[in-house]
1. With the structure loaded, tell me whether residue 149 is surrounded by fewer than 21 Cβ atoms within 10 Å (Cβ to Cβ) and in a helix (DSSP H, G or I) or whether it fails that test.
2. Here is a list of conditions, (1) farther than 18 Å from residue 85 by Cβ; (2) surrounded by 20 or more Cβ atoms within 10 Å (Cβ to Cβ), and residue 201 meets all of them except one; can you say which number that is?
3. Identify, by number, the condition in (1) assigned to a helix (DSSP H, G or I); (2) away from the ligand (no atom under 11 Å from the Cβ); (3) touching a residue at least 60 places away in the same chain (Cβ under 8 Å) that residue 174 doesn't meet.
4. From 271, 296, 203, which residue is within 14 Å of the ligand (Cβ to nearest atom) and at negative phi?
5. What pairs come out if I take residues in region 141-162 that are under 30 Å from residue 98 (Cα atoms) and within 16 Å of the ligand (Cβ to nearest atom) and pair them with residues that are assigned to a loop (DSSP other than H, G, I, E, B) and at pLDDT 95 or above whose C-beta lies under 7 Å away, six or more apart or interchain?
6. What pairs come out if I take residues in region 84-99 that are farther than 21 Å from residue 197 by Cβ and pair them with residues that are within 6 Å of the ligand (Cβ to nearest atom) whose C-beta lies under 6 Å away, six or more apart or interchain?
7. What do you reckon, is residue 230 surrounded by 22 or more Cβ atoms within 10 Å (Cβ to Cβ) and under 13 Å from residue 67 (Cα atoms)?
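The values are calculated or read from the model by the stated rules, or taken from the named source; none is laboratory data. Remember, it's a predicted structure, so these values are computed and weren't measured experimentally. All Cβ positions, glycine included, derive from the backbone under ideal geometry; neighbour counts span all protein chains shown.
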Ligand code: GRG
């Protein structure tokens, strides 16, 4: 018997949903970039783009579009673009001038395989192509919505988003007195902005109203911050095999993280509180929000 206390996310088969969505995203990404002359740069772009990963951003984009009544086809080019931008940010983040990492997604980082020069250009290539891909491949969506998506995404990746967050992160390196406010600024921009854009852009493509966009934006900001808190926790508690990248890096680099400021238990509590708030942001959508509700739960329960 189904208890009336059970939220809709309990009945939803998230494992199956994630597997199915991941598969359609993998197929679309595989077909998105052809290898032509000069082959080296396309190989480098595809190396990181097709290296796996949870594909959370494209899945959020597709789920948000579906929630509003749009089709997967309408949102797929934008969903792929989210993953292209996410991947380029990982390539650049791993560079010696940034976090200097050797492993990502269980494989050698892009610069370890192709060299720093090509890795920088592979990131640039993915970033530019993401916008081209949305503009040229989106079908069955009014042009005005596509324009809104391009503008929102541009803002999310630039100095007002990822780039700004990364700059403050670099400035804080080695500082012993980073406040929770500064840490939250970093992660709302560095991690949260693209997660929010993924949800909001999917909803825009599906034809969401302004109040719907507002609810979804708040949902995404809440899961975005929770995602980063969990990321900080996993850096301490998970193994390199589970993470696919070097574990324990934050401690080694003496980086300010949520566990370093709050401890592990309080960090877990705060992450759960954000997930509860995110789920409350979806109340007005009713049972149709089951995928996004379950994805919120997944963010705190994930092991990598
Ligand atoms: C965007 C122009 C531009 C430049 C990039 C380097 C940089 C500026 C920003 C850093 C952004 C960054 C790497 C944030 C961390 C986000 C994060 C928590 C990544 C891990 O995401 P997962 O767990 O990874 O979804 P997978 O591999 O599963 O996709």
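1. No; evaluated as a whole, the condition is false for this residue.
2. Exception for residue 201: condition (1).
3. For residue 174, the exception is condition (1).
4. Matching residue, one of 271, 296, 203: 271.
5. Listed pairs, sorted by first residue: 155/161.
6. Pairs found: 99/93.
7. On the way: surrounded by 22 or more Cβ atoms within 10 Å (Cβ to Cβ): yes; under 13 Å from residue 67 (Cα atoms): no.
Taking the combined requirement at face value, the residue does not satisfy it.
Residues checked against (1) within 19 Å of the chain's Cα centre (by Cα); (2) surrounded by 14 or more Cβ atoms within 10 Å (Cβ to Cβ):
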residue: 265; (1), (2): no, no
residue: 268; (1), (2): no, yes
residue: 278; (1), (2): yes, yes
residue: 293; (1), (2): yes, yes
